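> I am attaching a structure below and will ask some questions about it afterwards.
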Amino acid sequence: MKLNIFRYEGYVVVGILLTVFTFGKLMGLYDISSDWFWFLAGLALVFEGTISLIKQRRFDRKYKIIERES
């Protein structure tokens with residue numbers, strides 16, 4: 001089995017990091033720049049987009065779409 005970081009596990013890990021860091025900041029445990037929050041949010045969007053793109057390509061390869069002429 002090949003290692004693929006763009007799977008749902010990566011998306012879950014980024015989501016957990018977002019939650020933990022935001023909660024820690026709200027509790028006053030540390031002060032993090034909001035830039036880091038947006039960096040992690042952007043990273044999560046990259047994971048989500050990549051997963052969606054891979055799934056769509058697999059679907060397109062498996063099911064060929066034939067358009068009818070009007």
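> Here is a check on your reading of the model: is LEU53 assigned to a loop (DSSP other than H, G, I, E, B), among the hydrophobic types (A, V, I, L, M, F, W, C), over 12 Å from VAL14 (Cβ atoms) and at pLDDT 85 or above? Reasoning before the result, please.
Values: assigned to a loop (DSSP other than H, G, I, E, B): no; among the hydrophobic types (A, V, I, L, M, F, W, C): yes; over 12 Å from VAL14 (Cβ atoms): yes; at pLDDT 85 or above: yes.
Considered against the rule, which asks whether it is assigned to a loop (DSSP other than H, G, I, E, B), among the hydrophobic types (A, V, I, L, M, F, W, C), over 12 Å from VAL14 (Cβ atoms) and at pLDDT 85 or above, LEU53 comes out as no.
> Please verify whether the stretch 50-59 includes one or more residues that are of a type in the set (Gly, Ala, Ser), within 21 Å of the chain's Cα centre (by Cα) and surrounded by 13 or more Cβ atoms within 10 Å (Cβ to Cβ). It would help to see each step written out before you state the result.
Applying the first criterion (of a type in the set (Gly, Ala, Ser)) to the stretch 50-59 yields 52.
This time we only want the ones that are within 21 Å of the chain's Cα centre (by Cα), so: 52.
Subsequent filtering for residues that are surrounded by 13 or more Cβ atoms within 10 Å (Cβ to Cβ) retains none.
Scanning the stretch 50-59, I find no residue that is of a type in the set (Gly, Ala, Ser), within 21 Å of the chain's Cα centre (by Cα) and surrounded by 13 or more Cβ atoms within 10 Å (Cβ to Cβ), so the answer is no.
> Okay, moving on. Which residues, counting only those in the stretch 5-29, are modelled with pLDDT of 85 or more, surrounded by fewer than 13 Cβ atoms within 10 Å (Cβ to Cβ) and not aliphatic (A, V, I, L, M)?
THR19, PHE23, GLY28 - these are the residues of the stretch 5-29 that are modelled with pLDDT of 85 or more, surrounded by fewer than 13 Cβ atoms within 10 Å (Cβ to Cβ) and not aliphatic (A, V, I, L, M).
The values are calculated or read from the model by the stated rules, or taken from the named source; none is laboratory data. From a predicted model like this one, the values you see are computed outputs, not experimental measurements. In this analysis, Cβ positions are derived from the backbone assuming ideal geometry, glycine residues included, and neighbour counts consider all displayed protein chains.
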